[in-house]
Every structure is written in structure tokens, then in C-alpha cells.
Amino acid sequence: MWQSADSLALTDAQKQQLDAWVRAPSTPQKIVLRARICLLAHAGLPNRRIAQQLKTSRPTVLLWRHHFLKGGVAGLEHEPPRQTSSQRTKDEQIKAIVEATLHTTPEDATHWSSRTLAVRFGVSHMTVARIWDRHGLQPHRVRTFKLSRDKPFVEKLTDVVGLYLNPPDKALVLCVDEKSQIQALDRTQPGLPMKKGRCGTMTHDYVRHGTTTLFAALNVLAGTVIGSCFDRHRHEEFLKFLRQVDRDTPAGLDLHLIVDNYSTHKHPKVKQWLQRHTRFQLHFIPTSSSWLNLVERWFGEITRKRIRRGVFKSVKELIEAIEHYVQTNNQNPKPFIWTKRVEDILEKVNHCKGSTVTPH
């Protein structure tokens, strides 16, 4: 019914209003386009010519001619009502798709994709994607976890979180750990720099030039780091690092060190040294709970920002890069703020146990 290309009849008032919309700089461009369609149609141009001149489609020209005939100038100011799809997914089918996503798997895969599930139910993959989005389902993603089996888990958790949320007076809380086997990797060919429209490149293969181990102590309150690199990862190196921490911290303060359960930290010679240096107190996190040690968060930062994409032709270059990062960090430290209470953590752990642990 919109095929006619006859001249569109306009009154003087309507033409003045359309001309005013076209000239006004504040008129939305979609309204300007509709006004120009009607003005060119009034001039007698065919619909295809109007579409070509305004760089739009013929159906768009037909649509707004129809809306002007139906509602006049006011008909150009409002969006046309959208037609509802005749293929609207039924509630029963939506429920079936959700149930299949949650409780079944395809024969040849570990999880459904939107396309494989769409084939099973005879709908489009976009329909499946919209249903997943509406119900918060992401079958392609999985998160790893590990529950600690440490018997004194609650006691250790309470001790460490208490240091974060309520640190003792006249003392420093230091998160201590080692990042071992950091590789000095050199690429086999030079990469290309980033430019507009293309990311930087580097070869997938590399040459190993050796490794180093970074010992680090993160000051929880200040965000500064005491760091040192060693060739090996034994109790001898740990004792050297403890002596460095002893030298680099104010002598009048107690030192509370949060560490993991690595055997190096519990070596008899380490225990003997700690007995002679009474201002040092070690607090052990539960097993399989590295997330409780904030220095792990700092290790993630140095890995992402300086190590992972670095090119090092020797271990010496790698150590220099690490030491420079530590110095830069200490010039503008940004501490990590612990916010979770013990009750919140235990509630989440118990919920996880209830969902995953099967009684025997």
C-alpha cells in the first residue's frame, strides 16, 4: 500500500515546520532524515531516488511517507511500534532449555554451546543465547576451587584475618612468600610494535636463559615491598631474606610474618633463628589457602605488568627488571585492603562444602 510515488501533499504550515527541522542544528538527525524524505517526496522525486540521495533504504522512505500520511508532522516525531515476533519462545520451551543446560550434556562434549542446544530444540542460537543471558547461565565458563583440609583451618583463618583487620600496636604485619622458578625468556625473533588497527606481536617460541626466585615481604599497611632474588629456594636463602627484613625494618617494632606451610619456613635452623630473634612471629595460613596471603596478589601484579611479556637475554636482566619494579612500587605504594570478615569467609566455605562434598 506504500508503493505510490505520487507527490506528497503538504500544507504551507507543514512545509514550514519540516524546513525548520532541517535547518535547526539542534534537531536530532533521525528527525532531519524523516523531514527530508517528506520534503523530497513533496517535490515529486521517486522513492528510489529519495533513498539514493539520502543514503537510506527504499523501505525507510516508504515507512515515513506512510507515517506522515497517517499522523502528519507529529507522526515523524515518534518511533513506529515494533511488531511482535510470531515465533516467540513458549514458557515451556524456555524451561526445557534451561533444564537441559543445567542437567544434561551433549554426547560429544562436556557442555552445551548455543548452536548445539539450538539444534536440539529447533530454535535459533540467538534464542538460546538470550535465554542463557536472562537466567545467568554461562556453560562455556568454569571456575577452579580447592577446599582446605587443614584441621585447624578456623583457628589459622581467624589469626590471619585478625592481623589484617585489627593489626597489633607497635608492630608491622608482613606477608611473606617466594615466587620460584621465574624464567628469563628471550624470544627467538623480534616482535612487531603495536600500531593502529593491530596489536603488538611476539613469537610463540622462546629461549630459556635460566631462572631466579623472588623472596618478597609485603607491608600490609603501607604497601611497600622488601624483595630479593636468589638462585635457589632453600632454608638457607630464607634465612638470608629474614636477616634482610630484620635490617630493613625499624628495630623497635615487632614483626608478624604471614607465611604458607612450605617446609622451608619450618626448617629446624629457621626455628632456631626465630628463637634468637624474638620480635619475629610467624603466622601460618591454612593449607591450600594461598588466597589468604596478600603477597600473592602482589605477585600477580608483577607477573602481569613486568614478567609475562618481558624479554630477558640473561638472568641478570631479569633480576634487574624485578628490582626496578620493586623500587618503582615503593616510590608510589598502593596497599591492598582486606575487607572480608571471618564469618563471611566461613559462610562461603560451608556453602561450597554443602554443594560439592558428598557424604560417604
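The values are calculated or read from the model by the stated rules, or taken from the named source; none is laboratory data. Predicted model only: the values in this text are computed from it and were never measured. Because the Cβ atoms are built from the backbone with ideal geometry, glycine has one as well, and the counts that use them run over all protein chains shown.
The table for this structure:
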{"item": "Selection from region 183-242 of residues that are closer than 19 Å to SER314 by Cα and surrounded by fewer than 13 Cβ atoms within 10 Å (Cβ to Cβ)", "result": "THR188, GLN189, PRO190, GLY191, THR203, HIS204, ASP205, VAL207, ARG208, ASP231, ARG232"}
{"item": "Helices (runs of 4 or more DSSP H) wholly inside region 68-186 containing at least 2 residues that are in contact with a Lys or Arg (Cβ under 8 Å, 6 or more places away or on another chain) and under 30 Å from ASN261 (Cβ atoms)", "result": "153-165"}
{"item": "Selection from region 315-340 of residues that are surrounded by 15 or more Cβ atoms within 10 Å (Cβ to Cβ) and free of Cβ contacts under 8 Å to residues at least 60 places away in the same chain", "result": "ALA321, TYR325"}
{"item": "Residues being touching a helix residue (DSSP H, G or I) at 6+ places or on another chain (Cβ under 9 Å), small (Gly, Ala, Ser) and on the phi < 0 side of the Ramachandran plot - total across region 223-255", "result": "2"}
{"item": "From the options GLU317, GLU343, GLU347, residue that is within 30 Å of MET202 (Cα to Cα), in the same structural domain as ARG187 (by TED's automatic domain parsing), part of a helix (DSSP H, G or I) and charged (D, E, K, R)", "result": "GLU317"}
{"item": "Leading residue by the ranking (surrounded by the fewest Cβ atoms within 10 Å (Cβ to Cβ)) among those in region 291-314 that are among the small types (Gly, Ala, Ser) and touching a residue at least 60 places away in the same chain (Cβ under 8 Å)", "result": "SER314"}
{"item": "Subset of region 98-141 (residues that are within 25 Å of the chain's Cα centre (by Cα) and among the polar types (S, T, N, Q))", "result": "THR101, THR110, SER113, SER114, GLN138"}
{"item": "Answer from THR278, THR203, THR249 - the residue that is of a type outside the set (Lys, Arg) and within 22 Å of ASN329 (Cβ to Cβ)", "result": "THR249"}
